[in-house]
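Down below is the structure, laid out as structure tokens.
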Amino acid sequence: MDNIQHIIIDHTLKRIGDAVFADYLCHAYCYEGYCTFERNGKAFRFEAGDCLIIARRGDLVKNLQESDDFRVDVIYVTQKFIELSTPQSNYGMRGQLSLFQNPIMKLTKEQQEVCRKNFEAVKYRLSQTEHCFRHDALRNAVECMIIDFFDFHARLYPADKISSQQHQLMEQFIEMLERGDFRRNRDISYYADKLCVTPKYISEVSKKVSGLPAAFWITRYTSLDISRLLRDRSLSFTDISDMFGFSSLSHFSRYVQTNLGAKPSDFRE
């Protein structure tokens with residue numbers, strides 16, 4: 001990893017839209033009080049016992065107001081560190097789409113306790129500056145936090161159905177990515193053709209439903225899968241490159257550096 005501060009702790013949401021956090025994912029847990037804000041034209045109330053997750057684009061949060069007794073822990077994590085810490089599941093993709101529509105999860109008492117413990121674990125590991133394996137300890141703490149977020153969301157929204165025609169199209173697009181089409185097809189025209197729409201239309205729908213263009217999701221799935229495979233020492237770089245149909249190992253290496261911000265060898269350290 002580089003010298004970027006990949007995890008930042010804060011105790012207010014008022015800085016969520018700051019440019020310094022543009023590439024960070026915001027995770028917040030409210031202990032007391034409440035805050036209100038608008039996002040994507042919708043009004044939200046974040047209160048005690050709630051968990052809030054905003055994947056980048058904190059600048060979309062408007063008119064944020066905190067109550068006098070508002071007490072919150074905020075953990076900002078860079079996209080790069082999230083990718084390194086994400087467990088072997090693509091549930092985060094569906095969760096991110098859902099959380100774009102409503103970034104607040106109302107937790108049960110048991111879930112609140114789990115969430116508080118995870119936040120404390122991340123803060124504790126971050127404070128262990130002399131730990132010989134601090135990076136690995138931090139990654140494991142963040143991974144545990146993410147796994148529990150997946151569990152919270154899956155239990156809170158077990159029958160989360162996409163009803164509108166545009167949402168259904170996005171669901172079909174994500175299903176193609178989940179089955180691994182991105183390993184051989186990273187051109188948006190492939191997905192548009194399969195879904196019988198134009199590349200422009202699928203990108204517009206993706207941006208409307210998720211806040212991000214279709215190309216982002218193709219790259220996101222590809223990068224996440226590559227980062228996982230790179231950590232598997234039984235696979236050579238050539239093996240992985242071939243899985244994704246890259247024309248050469250150098251092309252594969254450039255793709256990794258561009259989209260993961262590191263050389264393939266960095267994942268083997």
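The values are calculated or read from the model by the stated rules, or taken from the named source; none is laboratory data. Everything quoted here is computed from the prediction, not taken from an experiment. Using ideal geometry, Cβ is built from the backbone for each residue, glycine included, and neighbour counts are taken over all protein chains shown. Only protein heavy atoms, including side chains, enter the accessible area calculation; ligands, DNA and RNA are left aside. Shrake-Rupley method; radii C 1.70, N 1.55, O 1.52, S 1.80 Å.
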Tell me the per residue accessible area of region 139-269 using a 1.4 Å probe; a whole number in Å² is fine.
52 Å²
Quick query: amide H of Val72 versus all other amide H atoms, modeled in the peptide plane; which residues come in under 5 Å with a sequence gap of 5 or more or a different chain?
Tyr31
In straight Cα distance, which lysines are under 20 Å from Lys106, not counting same-chain residues fewer than 8 positions off?
Lys42, Lys117, Lys161
Mind giving me the nanometre distance, one decimal, between the label points for Ser234 and Lys207, set 7 Å out from Cα along Cα→Cβ?
4.3 nm
Can you give me the distance in nm between label points at Cys196 and Ser265, each placed 7 Å from the Cα along the Cα-to-Cβ direction?
5.1 nm
Pull out a ≥ b ≥ c, the square roots of the eigenvalues of the alpha-carbon gyration tensor of region 5-129, then state rounded if a/c is under 1.5, prolate if not and a/b is larger than b/c, and oblate in the remaining case.
rounded
With the chain treated as a Gaussian network of Cα nodes joined by springs under 10 Å, which of Val74, Val256, Val197 yields the largest mean-square fluctuation?
Val197
Protein accessible area in the chain, 1.4 Å probe - carbon and sulfur %
49 percent
Over region 164-222, what is the mean sequence separation of C-alpha contacts under 8 Å (at least six apart), divided by residue count, expressed as relative contact order in percent?
38 percent
Provide the solvent-accessible area of Tyr255, counting protein heavy atoms only and rolling a 1.4 Å probe, rounded to the nearest 10 Å².
40 Å²
The extension gain from Ser127 to Asp23, computed as 0.36 nm times the residue separation minus the Cα-Cα distance, is 35.2 nm
